[in-house]
Amino acid sequence: MSEYQLTAVGHIQSPYKQKFAIPRQPRLVPEAKAKLVFSSDFNREEFVRGLDEFSHIWLLFRFHETADKGYSAMVRPPRLGGNERKGVFATRATFRPNAIGMSAVKLEGIEYKNGQLSLLLSGIDLLDGTPLVDIKPYVPYADALPHANNAIASIEPALSMVEFEANALADALAHGERLQQPVKALIEQMLAQDPKPAYQKPDPERLYGVKIWDLEVKWRYLSGASHCDSDQKSTLYIVSIEAV
Ligand code: SAM
């Protein structure tokens, strides 16, 4: 078997501090902004000269958080309700040979500040600290395939409703000011994707939570069924947003 060694060209600085609630694909949450910070060997403007002529780029990265957990030939894609198995190469599962992921994201800008080269990105689906193995421009005539067929996940997932309790809304706005980040919009867009497993019915008694930036966001489900047994979408009610 051939073996190769890969070098991280950079790392992602993202608001997502844990895997739970990260969107399942890029661009589903446009307010998910991140920085790609180049490693010292690639920290030169020449490496990205001309990249500002592209609106979108491909990120090739390593699923570093789960890479050491290995892979199996068959996985259960969440879009199929978690009880149907498919070959790993027929899915975008994170547990895969070589643990390589790919995301086409929006390039918002290129920054060279205090000697550090970074790309400013939005619509990302990546955990904080994700190592990048390559970056390529998105080429619409070759990469966009509007008539391509996908019988497993043909359309974007439907959105759930998101509501804020009054204090949680005030806290979202205050933390947004403090962090100078789109805290309210990110929470709304992220939770509209309903992060709980698709096959799980929401438990109205349970408080769910996720960490973004230095915040812990907690919510309950007011209504709704699991994705697979009904078209009815959940309503997520945000009860608190606290710095941790
Ligand atoms: N767009 C990529 C692809 O198709 O290869 C990623 C798809 S994968 C289904 C997206 C999920 O990967 C996210 O919801 C998150 O839970 C997980 N994820 C993101 N960054 C990760 C990392 N660095 N290590 C492990 N899992 C990660």
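The values are calculated or read from the model by the stated rules, or taken from the named source; none is laboratory data. Since the structure is predicted, the reported quantities are computational estimates derived from the model, not experimental observations. Because the Cβ atoms are built from the backbone with ideal geometry, glycine has one as well, and the counts that use them run over all protein chains shown. To get the accessible areas, we keep the full protein, side chains included, count just its heavy atoms, and leave off ligands, DNA and RNA. Shrake-Rupley method; radii C 1.70, N 1.55, O 1.52, S 1.80 Å.
For the reader, a short list of remarks on this structure follows.
- Hey, Ile152 over 20 Å from Asp52 (Cβ atoms) and hydrophobic (A, V, I, L, M, F, W, C) or not: yes
- Hey, Ser14 out of contact with any strand residue (DSSP E or B) (no Cβ under 8 Å at 6 or more places or on another chain) and of a type in the set (S, T, N, Q) or not: no
- Output for segment 194-221, where each listed residue is over 15 Å from the mean Cα position of the chain (by Cα) and acidic (Asp, Glu): Asp203, Glu205, Asp214, Glu216
- On the stretch given as segment 66-90, residues that are closer than 24 Å to Ser14 by Cα and open to solvent by less than 70 Å² (accessible area, probe 1.4 Å) total 3.
- Residues in segment 76-91 that are touching a strand residue (DSSP E or B) at 6+ places or on another chain (Cβ under 8 Å) and either small (Gly, Ala, Ser) or within 10 Å of the ligand (Cβ to nearest atom) (or both): Pro77, Gly87, Thr91.
- Counted residues, segment 122-133 - those being touching a Leu at 6+ places or on another chain (Cβ under 9 Å) and within 13 Å of the ligand (Cβ to nearest atom): 8
- Index of the failed condition, Asn43 passing every other in (1) farther than 17 Å from Pro182 by Cβ; (2) within 16 Å of the ligand (Cβ to nearest atom): (2)
- The single condition among (1) closer than 23 Å to Glu156 by Cβ; (2) modelled with pLDDT of 95 or more; (3) open to solvent by 30 Å² or more (accessible area, probe 1.4 Å) that Arg24 does not satisfy is (2).
- Unmet criterion (only one of (1) away from the ligand (no atom under 12 Å from the Cβ); (2) in a strand (DSSP E or B)) for Val105: (1)
- Residue check, Phe63 open to solvent by 30 Å² or more (accessible area, probe 1.4 Å), within 14 Å of the ligand (Cβ to nearest atom) and not small (Gly, Ala, Ser): yes
- Count of segment 105-158 residues which are modelled with pLDDT under 95, among the aliphatic types (A, V, I, L, M) and surrounded by 11 or more Cβ atoms within 10 Å (Cβ to Cβ): 3
- Boolean, Lys136 is touching a strand residue (DSSP E or B) at 6+ places or on another chain (Cβ under 9 Å), free of Cβ contacts under 8 Å to residues at least 60 places away in the same chain and not in a loop (DSSP other than H, G, I, E, B): no
- Within the span defined as segment 141-158, every residue fails to be within 8 Å of the ligand (Cβ to nearest atom), free of Cβ contacts under 8 Å to residues at least 24 places away in the same chain, within 19 Å of the chain's Cα centre (by Cα) and in a loop (DSSP other than H, G, I, E, B).
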